[in-house]
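What follows is one structure encoded as structure tokens, with my remarks underneath.
The numbers here are math on the coordinates, done by the rules we state, and not lab data. Because the structure is predicted, anything quoted here is derived from the model rather than measured. Methodologically, a virtual Cβ is constructed for each residue, glycine included, from the backbone with ideal geometry; neighbour enumeration extends over all protein chains shown.
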Amino acid sequence: MSKKSKEKFEVIEGESIDACLDRIKAAGYFPVRRMEEPIFAERIENGKVHYVPIDRKILFEAKLIE
């Protein structure tokens, strides 16, 4: 079965960015773009809902090495 030409890899909790890049390379891909997505928590203060950033998710878009 052939691999996809593009793949997304997420930095797993407790994993370093370098370890994720090594995992991408071992899978036969090379990173072309880094994306960060914030993770928000809902907090209610004085009857109003506030969204507070609590963490971030780091994703890499990678292309297949040919």
Could you please find all residues in region 12-41 being more than 11 Å from Lys57 (Cα to Cα) and of a type outside the set (A, V, I, L, M, F, W, C)?
Gly14, Glu15, Ser16, Asp18, Asp22, Arg23, Lys25, Gly28, Tyr29, Pro31, Arg33
Which residue pairs have Cβ atoms under 9 Å apart, sit 6 or more places apart or on different chains, and have a first residue in region 1-24 that is under 12 Å from Leu64 (Cα atoms) and a second that is part of a helix (DSSP H, G or I) and β-branched (Val, Ile, Thr)?
Glu7/Ile24
The correct count of residues that are over 22 Å from the mean Cα position of the chain (by Cα) and β-branched (Val, Ile, Thr) in region 40-66 is 2
